[in-house]
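Everything on this sheet refers to the single structure shown next.
The values are calculated or read from the model by the stated rules, or taken from the named source; none is laboratory data. Quick caveat: nothing in here was measured; it's all calculated off a predicted structure. Cβ: placed from backbone, ideal geometry, glycine included. Neighbour counts: every protein chain shown. Ligands, DNA and RNA are stripped out before the accessible areas are found, and what is left, the full protein with its side chains, is counted by its heavy atoms. Shrake-Rupley method; radii C 1.70, N 1.55, O 1.52, S 1.80 Å.
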Amino acid sequence: MHHGAGRVSGPPSGEQVELRHGPWSAVAVEVGGALRALEHDGAPLLDGYPAGEMARGGRGQPLLPWPNRLAEGRYRFGGRAIEAPVNERSTGSAIHGLTRWTSWRVAERGPSRCAME
């Protein structure tokens, strides 16, 4: 499977960063900088998704810079009028931010933490 520039094979959500700390475990992923899984003592705390799938419905994704819908894809930031792509045609809105499907990079990592950028 091909995913993104220069990336061949692997899960569709990209690099998987497994994290553990005591009874806690989590999996952060490259696509969308999402949290794919979060568990405490083996019990899931997030409605996540398997490694072989992509996120559906914004699961675990940071919805940046807005979490809902922008009417006609328009917003103002830093005094500038900006238009985002309309990707929910039924309402004529831009939905759930700009970063959902971008590839994030693991900037820092350790056994129990990571920083995505």
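Can G33 be described as of a type in the set (G, A, S), surrounded by 14 or more Cβ atoms within 10 Å (Cβ to Cβ), assigned to a loop (DSSP other than H, G, I, E, B) and in contact with a Leu (Cβ under 8 Å, 6 or more places away or on another chain)?
no
Is at least one residue of the range 3-23 aliphatic (A, V, I, L, M), outside any strand (DSSP E or B), open to solvent by 60 Å² or more (accessible area, probe 1.4 Å) and out of contact with any Gly (no Cβ under 6 Å at 6 or more places or on another chain)?
yes
Give the range 91-110 a look and list any residue that's basic (K, R), more than 12 Å from G32 (Cβ to Cβ) and surrounded by 13 or more Cβ atoms within 10 Å (Cβ to Cβ), or say none.
We begin by selecting, within the range 91-110, every residue basic (K, R); these are 100, 105, 109.
From what is left, the residues that are more than 12 Å from G32 (Cβ to Cβ) are 105, 109.
The answer is R109, and nothing else.
Please work out which one of (1) more than 15 Å from L19 (Cβ to Cβ); (2) among the small types (G, A, S); (3) outside any loop (DSSP other than H, G, I, E, B) is the condition G57 fails and give its number.
Single failed check for G57: (3).
For the range 39-46, indicate whether the set of residues that are open to solvent by less than 40 Å² (accessible area, probe 1.4 Å) and either modelled with pLDDT of 95 or more or under 13 Å from the mean Cα position of the chain (by Cα) (or both) is non-empty.
No, there is no match, as no residue in the range 39-46 is open to solvent by less than 40 Å² (accessible area, probe 1.4 Å) and either modelled with pLDDT of 95 or more or under 13 Å from the mean Cα position of the chain (by Cα) (or both).
Condition first: among the acidic types (D, E) and over 27 Å from L98 (Cα atoms). Now tell me which residues in the range 33-48 satisfy that.
Scanning the range 33-48 gives E39, D41.
With the requirement that a residue be of a type in the set (S, T, N, Q), more than 16 Å from V31 (Cα to Cα) and in a strand (DSSP E or B), what does the range 91-117 give you?
The answer is S93, and nothing else.
Which of (1) outside any loop (DSSP other than H, G, I, E, B); (2) more than 12 Å from the chain's Cα centre (by Cα); (3) under 21 Å from A115 (Cα atoms) does V27 not meet, given it meets every other one?
(2)
Residue by residue through the range 73-90, note down the ones that are in a loop (DSSP other than H, G, I, E, B), touching a strand residue (DSSP E or B) at 6+ places or on another chain (Cβ under 7 Å), open to solvent by 80 Å² or more (accessible area, probe 1.4 Å) and farther than 26 Å from G10 by Cβ.
If the condition is that a residue be in a loop (DSSP other than H, G, I, E, B), touching a strand residue (DSSP E or B) at 6+ places or on another chain (Cβ under 7 Å), open to solvent by 80 Å² or more (accessible area, probe 1.4 Å) and farther than 26 Å from G10 by Cβ, then P85 is the only one that fits.
I'm trying to understand the selection: among the residues of the range 47-72, which are loosely packed, with under 10 Cβ neighbours inside 10 Å and on the phi > 0 side of the Ramachandran plot?
Once the filter is applied, which keeps residues that are loosely packed, with under 10 Cβ neighbours inside 10 Å and on the phi > 0 side of the Ramachandran plot, the range 47-72 yields only G57.
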